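Here is the structure we will look at.
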Amino acid sequence: AARTAWAEAGVRWEAVVARATAHGLAPLNGSAPHVGVVAYTLGGGLGLMARRYGYAADHVRALDVVTADAKLRHVTAESDPDLFWALRGGRDNFGIVTSVEFDLVPVARVYGGSLVFDTDLIEDVLAGYLAWTASVPEELTSSVALIGLPDIEQVPAPLRGRHTASIRIVYTGEAADGERLVAPLRAIGPRLVDTLAELPYADSHTIHNDPAMPHAYLGDNVLVRDLDAAALREVYAVTGPDAPMMVMQEVRHLGGALSRQPVVPNAVGRRDAKYIVRVVAMIDGEDVGVARAIQARVRDILEPWAVGRNLNFVYGDGVCPTSDQVDSLYDADARARLARLKAELDPADVFRGNHNVR
Ligand SMILES: Cc1cc2nc3c(=O)[nH]c(=O)nc-3n(C[C@H](O)[C@H](O)[C@H](O)COP(=O)(O)OP(=O)(O)OC[C@H]3O[C@@H](n4cnc5c(N)ncnc54)[C@H](O)[C@@H]3O)c2cc1C
């Protein structure tokens, strides 16, 4: 069918982006081109154009999956409504997905890039960014990342050895409107880097510029219904230059299409969240307990606003999430439905060693 992609397990986003953009289309991939399509999508999939189009899981048409009874099934909304609902958000609890078919969107170019501010402006950036998100349309998806980059050659010269705030923008409207929309951000102060421009979607990986080199990261996050700049400053006091290891703090602006269930609803939950606050600690050779303590402290700070967690951004040390953590991923009714379906479709718990929804 038109505007459709089909990817086998193991395919990475970069391959889909290359094929889709050749037709003036785009998939709902995330920040990094080397992330796998299937797991990203089954976990929800919070993409570059998320506020405009919702989660990647919202655009799945069909899945081929080997279920606990060792059968290969072609699963659609019509063939297996419960399984189709559960796989999209329940990820690896119901089967091994061998391929996925999903919609592409008619986006050939976006206005986007990043604005990087130096250490002395970080507090202004946090306050300015939060205030600004209240006024932007759904066509604009953005995030701000605070990170201290090492003083090494691989890091661009202006950023080497500095703690910076990087605002990332993806706007699907006209470039001139994009320029107007970001003016309040540029007004925060001088930028070390300013790459905002119209670009072909094929170059969208340059917006976040995620490192391609694998490292050991411990990732956790808090989905919040709201936020204030004072809380973000408190989080930065824990994750910033005084942290005992390299930690990235990122806030992504949610809402828009993410807050609505798709035409065929799925298990992806916590759609009432307005922001996600991620804390990613680099744990190569570090004490994982210290990284966990940093993340727990951030969770405490954000507790008054917390509505849950996002599955895709929980990863790291191979320890399975506790049942409380699993509960935090889903709305209560979806959590109960997942448990019922797990008992029915995988009674022997064949698919375990995961965020188990039993
Ligand atoms: C640099 C980077 C950037 C990222 N950016 C984003 C982003 O912008 N938005 C976002 O939403 N996420 C993002 N993520 C998170 C990413 O979506 C998840 O880590 C995802 O699970 C990665 O999938 P994988 O195939 O690469 O990993 P894997 O480790 O292979 O898989 C992760 C999980 O999915 C399950 N799984 C894998 N394959 C299958 C299958 N075929 N069938 C059933 N279950 C399966 C596994 O059991 C495992 O629990 C990012 C991750 C990285 C490393």
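Read the figures in this text as sums done on the coordinates, not as results from a lab. All values derive from a computational prediction rather than experimental measurement. Virtual Cβ from ideal backbone geometry, glycine too; neighbours counted across all protein chains shown.
Please report the net charge: other residues with Cβ closer than 13 Å to the Cβ of Gly148, K and R +1, D and E -1.
Within the 13 Å Cβ shell, the charges total -1.
Mind giving me the nanometre distance, one decimal, between the label points for Glu286 and Met213, set 7 Å out from Cα along Cα→Cβ?
1.6 nm
In percent, what relative contact order does the chain have, based on Cα pairs under 8 Å that are 6 or more apart in sequence?
About 20 percent, as a whole number.
In whole Å, what is the distance between the alpha-carbon centres of the stretch 299-335 and the stretch 66-81?
27 Å
Direction-averaged shadow area of the convex hull around the Cα atoms of the chain, nm²?
Mean orientational projected area (the chain, Cα hull): 17.0 nm².
How do 111-117, 278-284 rank on mean C-beta neighbours within 10 Å, highest first?
Ranking the peptides 111-117, 278-284 by packing returns 111-117, 278-284.
Can you tell me which of 131-140, 47-56, 211-220 comes out highest on packing, and rank the rest after it, using the mean Cβ neighbours within 10 Å?
Result, highest mean first: 47-56, 131-140, 211-220.
Using label points projected 7 Å from each Cα along Cα→Cβ, tell me how many nm separate Trp6 and Gln261, to one decimal.
3.0 nm
Among Tyr55, Gly30, Ala86, which residue has its Cα furthest toward the positive end of the charge dipole of the chain, with +1 on Lys/Arg Cβ and -1 on Asp/Glu Cβ?
So the residue furthest toward the plus end is Ala86.
Quick check: net charge around Gly178, other residues with Cβ under 11 Å of its Cβ, Lys/Arg +1 and Asp/Glu -1?
Taking every other residue near Gly178 into account, the sum is -3.
Using the Cα centre of the chain as the reference point, and only Cβ charges (+1 on K/R, -1 on D/E), how large is the resulting charge dipole? Debye, rounded to the nearest 20.
580 debye
Within 10 Å, count the other beta carbons around each residue, average over each peptide in 245-257, 309-321, and list them highest first.
Answer by packing, highest mean first, reads 245-257, 309-321.
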